[in-house]
Amino acid sequence: LEGETGIAVYGFDVQRQAIDQAREYLAAHLTPQETSRIQLHEKSHAELGSTLRENGVAPGSVGNVVFNLGYLPGSTCERVARHGGGGPAEAEGLIITRAESTLAAVEQSLPFLRRGGLISLLCYVGHDGGMEEYLSVKRRCAEIALQRRGRSDGEAGEDVPSFETHVYDPHKEGKSHTELCPKIVILHKL
């Protein structure tokens, strides 16, 4: 995204390890000039709206908002999910995304998204709470699309942008043998 600050990407994660890994990757693959346009924040994605406002990002200026939901690759949670665990006792103390904060972040993203922009959510469902988060995200994105379809606001009858939702589930498409494969939900601002 491009705002008055010249920053092209704002990244969020609550885990210092994830921020450090991202910085290392960016330093190895981008020029210093390119990395100067990226801000990484060690905070919840639920603080997306306030962070963008504090950095002078204008409403309607964001092209893409991308979520990678679930857990940090290589973490204990990933090992539990891969080996058939994932029950509440095994997930205790692990850091995973939750529907409440994700839905808050999606809602906060809406006013910043420009027409033609996308909110993309990659949902890992193989860990405790993952399927519930995916279903909540899918349901809320569909509701947003339905609520805003053909609506106008204000005395002047201002046009409220419409949204459409797309869902990709490789299991339902016959491309994965397991229902626990990652799923994608896209909300497109028309």
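Structural remarks
- Annotation: amide H-H contacts under 5 Å for Gly117 (H modelled 1.01 Å from N, sequence separation of 5 or more, or interchain): Lys189.
- Packing order of peptides 26-35, 55-64, highest average first: 55-64, 26-35 (average count of other Cβ atoms within 10 Å over each peptide's residues).
- Cut-off under 5 Å, modelled amide H: who pairs with Gly129 long-range: none
- A simple spin-label model places the labels of Ala28 and Gln147 4.2 nm from each other, with each point 7 Å out along Cα-to-Cβ.
- Contour minus Cα-Cα distance for His171 and Glu54 (0.36 nm per residue): 38.1 nm
- Along the range 50-66 the Karplus relation, 6.51 cos²θ - 1.76 cosθ + 1.60 evaluated at θ = phi - 60°, assigns HN-Hα couplings of 5, 5, 5, 4, 4, 9, x, 6, 7, x, x, 10, 9, x, 8, 10, 10 Hz to successive residues, with x for each Gly and Pro.
- Distance (nanometres) between label positions extended 7 Å along Cα→Cβ at Glu132 and Glu107: 1.9 nm
- By a 1.4 Å probe calculation restricted to protein chains, Arg16 has an accessible surface near 110 Å², given to the nearest 10.
- Inter-label distance, Glu164 to Glu42: 4.3 nm, where each label sits 7 Å from its Cα along the C-beta direction.
- The H on the amide N of Asn55, modeled in the peptide plane, is under 5 Å from the matching H of no residue at least 5 residues off or on a different chain.
- Residue-wise HN-Hα couplings along the range 37-46, as the Karplus relation 6.51 cos²θ - 1.76 cosθ + 1.60 with θ = phi - 60° gives them from phi, are 9, 10, 10, 10, 10, 7, 7, 5, 5, 5 Hz; Gly and Pro carry x.
- Rounded to the nearest 10 square angstrom, Lys175 shows an accessible area of 150 square angstrom against a 1.4 Å probe.
- Partner lysines for Lys172 [C-alpha distance under 29 Å; skip if fewer than 8 residues away on the same chain]: Lys138, Lys183, Lys189
The values are calculated or read from the model by the stated rules, or taken from the named source; none is laboratory data. Remember, predicted model here, so these are calculated numbers, not experimental data. Cβ sites come from the backbone with ideal geometry, for glycine too, and all protein chains shown count toward neighbours. With ligands, DNA and RNA removed, areas are computed over all heavy atoms of the protein, side chains included. Shrake-Rupley method; radii C 1.70, N 1.55, O 1.52, S 1.80 Å.
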